[in-house]
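Q: Before we start, here is the structure in question, set down as structure tokens.
The values are calculated or read from the model by the stated rules, or taken from the named source; none is laboratory data. Values in this document were obtained by computation on a predicted structure and should not be read as measured data. Reconstructed Cβ throughout: ideal geometry from the backbone, glycine too, with neighbour counts over all protein chains shown. Accessible surface is based on the protein model in full, side chains and every heavy atom, while ligands, DNA and RNA are left aside. Shrake-Rupley method; radii C 1.70, N 1.55, O 1.52, S 1.80 Å.
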Amino acid sequence: MSFVSRTALRICPICEATCGLVLTVDDDAGRIDSARGDRDDVFSHGFICPKGASFPELDNDPDRLRAPLVRRDGELVEASWDEAFAAAAEGLQRVIAASGSPSVAVYLGNPSAHTIAGSLYAPGVVKSLGTKQVYSASTLDQMPKHVSCGYLFGNPVAFTIPDLDRTDYLVIIGGNPLVSNGSLATAADFPGKLKALHKRGGRLVVIDPSRTRTAELADRHLAVRPGTDAALLFAVVNVLFDEDLVELGRLTDHVTGVEQVRAAAADFPPEAVAAHCGIPAEDIRTLAREIAAAPSAAVYGRIGTSTVEFGTLTSWLVDVVNILTGNLDRAGGVMFASPSIGSAPRPPRPGRGFATGRWRSRVSGHPEVLSEMPAVALAEEIETPGQGQVRAVITIAGNPVLSAPDGPRLSEALDTVDFMLSVDPYLNETTRHADVILPPPPPTRTAHFDVALSGAVVRNNARYSPPVFALEDGRPDECEILARLALIVLGMGPAADPSLVDDQVIGATLGKEVNDPHSPVSGRSVEELTAMLPAGPGYERRLDMMLRLGPFGDGFGATPDGLTLQKLKDAPHGVDLGALTPRVPEVLRTASGTIELAPEQILAEAPRLHASLTSEPGFLLIGRRHLRSNNSWMHNLPALSGGTNRCTLQIHPDDAARLGLEDTAVVTGPGGKLEVPVEITDAIRPGVVSLPHGWGHDEPGTRLSVAAQSPGVNVNALNDGTLLDPLSGTAVLNALPVEVSRAG
Ligand SMILES: Nc1nc2c(c(=O)[nH]1)N[C@H]1C(S)=C(S)[C@@H](COP(=O)(O)OP(=O)(O)OC[C@H]3O[C@@H](n4cnc5c(=O)[nH]c(N)nc54)[C@H](O)[C@@H]3O)O[C@H]1N2
Ligand SMILES: Nc1nc2c(c(=O)[nH]1)N[C@H]1C(S)=C(S)[C@@H](COP(=O)(O)OP(=O)(O)OC[C@H]3O[C@@H](n4cnc5c(=O)[nH]c(N)nc54)[C@H](O)[C@@H]3O)O[C@H]1N2
Ligand code: SF4
Ligand SMILES: [Mo]
């Protein structure tokens, strides 16, 4: 090892917490040796988790692909970048010529929400294809929240974020931020924020079938039966009306539809749902009264409210409770972030509202949602012949073979397409099916800015990390990879200049802004503004443009103190932009210009929910996360492997005794059967079993040498993918009915 010459700052790209890291850099070796939390980071103040601490291992992982792989005579072999782009162009153009670009499917995985490339350049690949075969991890995750916010506010990205630093009463439903570090609530140091809540006299309620680490901190833990939160929340709404606790506060003039919600909730008194939810009616009443009585309260729902049969209904009810108790858009309640790269506020105006189902999936007729099809539909769209059949697949930062239901079926389907391309650093369960793999460089050779997550922050901020090291000669970064793919699809060939993509986006964006009378650059010339952007890579030019047009931006000189990319470069620990501020009505885009509390599409789910108010025997399967894991792709790091980070079936002692379970159980779901090691724990509710996802690293032909040593099983092989939230197309990954028995 050589002398460590410097440190460098880098925002951690692994999860939504966006912690600032200090890396020790070994310039001689061209690698980093360690990572610690950056105490001066304006947002994370030094917080870091075990994954962030393993950033060097992730960056240096010898299994990370250093060169593209191209399939030759059936084998994936290393190729030069020129050869790989040529192979990508040949494969894509072959399929496009034969079946048209709508026959190319794109799957965007979770890390694409954590990279500049995924946020700014992946959309260009989709757009240039003009395909409706678009899939992403959103329909395995937060799509119900988009749909609910879409209907309520007319704006599917106007997420309601719990104001963690100021709330007096926090209700966490189906989230475990002590382990996940938070999601749709970008808050570095969630544990510290929960401690601070208690310190200022606030209270925490956790609703979760499992006594998680977060639940351990709660003043009250309601161990709800999985999949029943919609009924529980409807009962809370019922109590709010019944006991005259509805108080819209300053939102009074901005909300319509209150009476329809009152009528819908009338069918759900606590006594009618208690047995179904496994929560005493009195506890539901107390919850409603406490939320209403708290000086401020924030109800926050995550995965357990989302990847369930009534995901959109549940996500909506979370915000209905926030709205009816006057807690939306006020300090200490749930608020809207002001993304630094969003557009500067405009005067309130009605919008076009929100709609889904503008087209339908070819095979099962699933409605389009945010221009996407349900991830569970990808396999059948590949398998089913006919006009529009998927003949090529592009995956970007995704591992749907493990992450999506019925992975084995998708795995087989991927082998039947005419061409598959993956942009991914690993040869894993999904990418092993590809004909071409284009690996992005490691994070230290990549710039970072949280484009997507800036809309979910609990405190507004802007931070930029330039690359720590220059790219190796001839190696493109992921922005360039995706830009070149977009041009390849357009038929411009593998050698087209990727900056054409940036020029196009910049021209189009500025063109719109100068013609908008409310824009800070209204009436100016596109050429003048373009000339003001910095020299440098295309993504820097685009980020600078977005920052300058944003709510804190310099408006290209109109507000000289405002943000530019250079200002962020001059503030390497980031720029704090203050606590969240009220945004109603400016944020609303509904047709009425109000918060439309009673969308008919969502209320139409209420009778179906009511019909489900039974309490069937049988096990319900839920998921869980581990502090030293991240979905499917961090099991290859030695520091994060082993110990308690294992793929086990958690089951309550009473259930285990009744079934005579000892070491191993057989779990049978609608999609298949698995043998799994048993972990008996009273942390989990009787009648519920839990298995983590992202395991099953025993497929042949992968290059994950550490992960393969303790492969675990793929929980999603139990799931046939037929159960989904109909309003959002989101897969049911929690509360899946399964049978459990003794092995042998
Ligand atoms: N049963 C069950 N299933 C689940 C869940 C659950 O709770 N239970 N959770 C769901 C959720 S919330 C999600 S978000 C999905 C995730 O679903 P996916 O996004 O499909 O899966 P990941 O495991 O996140 O895989 C990420 C992929 O991105 C690659 N990658 C990592 N960094 C980069 C990068 O910088 N660039 C590129 N191009 N690639 C990169 C990794 O190698 C890996 O192949 O899983 C879902 N699946
Ligand atoms: N360490 C780690 N951190 C991660 C990830 C990871 O894999 N590992 N993944 C990242 C991703 S992609 C995401 S989307 C976020 C997710 O962030 P979270 O949603 O906070 O993560 P989970 O741990 O899945 O929490 C879901 C909780 O819901 C509970 N639950 C399951 N079913 C139900 C139900 O029907 N009702 C209720 N009320 N609760 C239920 C589960 O017991 C679990 O505790 O985490 C991110 N952060
Ligand atoms: S919580 Fe951990 S993984 Fe998430 S951003 Fe922070 S250091 Fe990275
Ligand atoms: Mo996720």
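Q: Can you figure out the FRET efficiency of residue 644 with residue 558, using R₀ = 41 Å and their beta-carbon distance, to the nearest 0.05? If you can, show how the numbers build up before the last one.
A: Working: r = 54 Å, r/R0 = 1.32.
Plugging the Cβ-Cβ distance into 1/(1 + (r/R0)^6) gives 0.15.
Q: Among 165, 63, what's the order by accessible area (1.4 angstrom probe), most exposed first? Please report the intermediate quantities before stating the final value.
A: On the way: 165 60, 63 20 Å².
If we order 165, 63 from most to least accessible, we get 165, 63.
Q: Continuing with the same structure: Relative contact order for the chain: what is it in percent, counting Cα pairs under 8 Å that are at least 6 residues apart? Write out the running numbers ahead of the final one.
A: Numbers: 1760 pairs, mean separation 145.6, N = 744.
Reported relative contact order: 20 percent.
Q: Looking at segment 276-354, which chymotrypsin sites (Phe, Trp or Tyr not before Pro) are in a loop (DSSP not H, G, I, E or B) and have at most 13 other Cβ atoms within 10 Å? Can you show the working numbers first?
A: Values: sites: 300, 310, 316, 336, 354; in loops: 310, 336, 354.
Those that pass, being in a loop and sparsely packed, number zero.
Q: So how strong a dipole does segment 617-742 carry about its Cα centre when Lys and Arg Cβ are +1 and Asp and Glu Cβ are -1, to the nearest 20 debye? Don't jump to the answer; show the numbers that get you there.
A: Working: 9 positive and 12 negative charges, 67 e Å.
Here the size comes out at about 320 debye.
Q: Projected onto the charge dipole of the chain (+1 at Lys/Arg Cβ, -1 at Asp/Glu Cβ, origin at the Cα centre), which of 158, 551, 214 gives the Cα projection farthest towards the positive end?
A: It is 551, whose Cα lies furthest towards the positive end.
Q: I've got another one for you. How large a share of the accessible area of segment 485-592, in percent, is made up of carbon and sulfur atoms when the probe is 1.4 Å and the other protein chains stay in place? Before the final figure, lay out each step's value.
A: Values: 2690 of 4660 Å².
In segment 485-592, the share of accessible area belonging to carbon and sulfur is 58 percent.
Q: Now, a different point. Sort out for me the Cα centre separation of segment 299-315 from segment 474-519, rounded to whole Å.
A: Between the Cα centres of segment 299-315 and segment 474-519 lies a distance of 36 Å.
Q: A further question on this structure: I want to check the label-to-label distance for residue 495 and residue 535. Put each point 7 Å from Cα in the C-beta direction and report it in nm to one decimal.
A: That separation, rounded to one decimal, is 2.6 nm.
Q: At a 1.4 Å probe radius, carbon and sulfur cover how many percent of the accessible area of segment 617-742? Before the final figure, lay out the partial values.
A: Working: 2590 of 5000 Å².
Its accessible area is 52 percent carbon and sulfur atoms.
Q: Round to a whole number: what % of the accessible area of segment 301-387 belongs to carbon and sulfur, probe 1.4 Å?
A: Result for segment 301-387: 50 percent of the exposed heavy-atom area is carbon or sulfur.
Q: Show me 601-608, 127-134 ranked by packing, highest mean number of other Cβ atoms within 10 Å first. It would help to have the intermediate numbers written out before the result.
A: Working: 601-608: 17.0, 127-134: 19.5.
Order by mean packing, descending: 127-134, 601-608.
Q: Treating the beta-carbon of each Lys and Arg as +1 and of each Asp and Glu as -1, no other charges, what is the dipole magnitude of segment 33-115 about its Cα centre, to the nearest 20 debye?
A: Numbers: 8 positive and 14 negative charges, 65 e Å.
For segment 33-115, the charge dipole is close to 300 debye.
Q: Let me ask something additional. In whole percent, what relative contact order does segment 437-584 give with Cα contacts below 8 Å and a gap of six or more residues?
A: Computed value for segment 437-584: 25 percent relative contact order.
Q: Would you pull out the residues with amide H under 5 Å of residue 457's amide H, same chain only if 5 or more places away, H placed 1.01 Å from N?
A: For residue 457, the qualifying residues are 186.
Q: Another question, if that's okay. Can you run phi through the Karplus equation (6.51, -1.76, 1.60; θ = phi - 60°) for segment 144-159 and list ³J(HN,Hα) in whole Hz, with x for Gly and Pro?
A: x, 5, 4, 5, 5, 5, x, 5, 5, 10, x, 9, x, 10, 7, 6
Q: Take the alpha-carbon centre of segment 175-208, take the same for segment 544-565, and report the distance between them in whole Å.
A: Using only Cα atoms, the two centres lie 33 Å from each other.
Q: Rounded to the nearest whole Å³, what is the per residue volume of the convex hull around the Cα atoms of segment 617-742? The partial results should precede the final answer.
A: On the way: hull volume 15.3 nm³, N = 126.
That works out to 121 Å³ per residue.
Q: Would you kindly derive the ³J(HN,Hα) couplings of segment 620-637 from the backbone phi angles with the Karplus curve 6.51 cos²θ - 1.76 cosθ + 1.60 (θ = phi - 60°), listing them in order in whole Hz, with x for Gly and Pro?
A: With coefficients 6.51, -1.76 and 1.60, one gets 10, 8, 10, x, 7, 10, 10, 4, 9, 9, 8, 6, 9, 10, 10, 7, 9, 9 Hz.
Q: While we're here: What is the set of long-range amide H partners of residue 395 at a cut-off below 5 Å, with H atoms built 1.01 Å from backbone N?
A: 107, 421, 422, 423
Q: In the chain, if the dipole is taken from +1 on Lys/Arg beta carbons and -1 on Asp/Glu beta carbons about the Cα centre, which of 630, 731, 176 is farthest to the positive end?
A: Going by the Cα projections, it comes out as 176.
Q: What residue among 227, 621, 240 has its Cα farthest toward the positive end of the dipole of the chain, where the charges are +1 on Lys, Arg and -1 on Asp, Glu, each on the Cβ?
A: Of the options given, the answer is 240.
Q: With no solvent and one equal point scatterer per Cα, compute the Debye intensity ratio I(q)/I(0) for segment 466-527 at 0.18, 0.22, 0.28 Å⁻¹ and report its log10, rounded to two decimals.
A: Reported log10 I(q)/I(0), two decimals: -0.76, -0.86, -1.07.
Q: Let me ask another. Pulled fully out, how much extra length does the chain show between residue 516 and residue 40, if you take 0.36 nm times their separation in residues and subtract their Cα-Cα distance? Provide the component values of the computation, followed by the final result.
A: Values: separation 476, 0.36 × 476 = 171.36 nm, distance 3.87 nm.
Gain in length upon complete extension: 167.5 nm.
Q: Based on the Cβ-Cβ distance from residue 681 to residue 282, what FRET efficiency comes out when R0 is 25 Å, to the nearest 0.05? Don't skip to the answer; put the middle values down first.
A: Numbers: r = 27 Å, r/R0 = 1.10.
With a Förster radius of 25 Å, E is 0.35.
Q: Can you compute the charge dipole magnitude of the chain about its Cα centre, using +1 on each Lys and Arg Cβ and -1 on each Asp and Glu Cβ, nothing else charged? Give it in debye, rounded to the nearest 20. Please report the intermediate quantities before stating the final value.
A: Working: 63 positive and 89 negative charges, 197 e Å.
Approximately 940 debye in magnitude.
Q: Around residue 730, which amide H atoms from residues at least 5 apart in sequence, or from another chain, sit under 5 Å from its own amide H, with H modelled in the peptide plane?
A: Distant-sequence amide H within range of residue 730: 725.
Q: ³J(HN,Hα) across segment 204-219 via Karplus (A = 6.51, B = -1.76, C = 1.60, θ = phi - 60°), whole Hz, x for Gly/Pro?
A: 10, 10, 10, 10, 6, x, 10, 7, 6, 4, 5, 4, 4, 7, 6, 6
Q: Once both labels are modelled 7 Å past Cα along the beta-carbon direction, what's the residue 243-residue 355 spacing in nm?
A: In this crude label model, residue 243 to residue 355 measures out at 4.2 nm.
Q: Leaving out ligands and nucleic acids, and using a 1.4 Å probe, what accessible area per residue does the chain come to in Å²?
A: With the other protein chains kept in place, the chain gives 36 Å² per residue.
Q: A follow-up question, please. Among all lysine pairs in the chain that are eight or more places apart or on different chains, how many have alpha carbons less than 29 angstrom apart?
A: Step by step, the pairs that qualify in the chain add up to 16.
Q: How many angstrom lie between the Cα centre of segment 585-626 and the Cα centre of segment 669-744?
A: 25 Å
Q: Additional query: In nm², what is the average projected area of the convex hull enclosing the Cα atoms of the chain?
A: Details: hull surface 121.5 nm².
If you wrap the Cα atoms of the chain in a convex hull and average its projections, you get 30.4 nm².
Q: Next question. Run the quick spin-label model on residue 78 and residue 219: label points 7 Å from Cα toward the beta carbon, then report their separation in nm to one decimal.
A: Once both label points are built, they end up 6.0 nm from each other.
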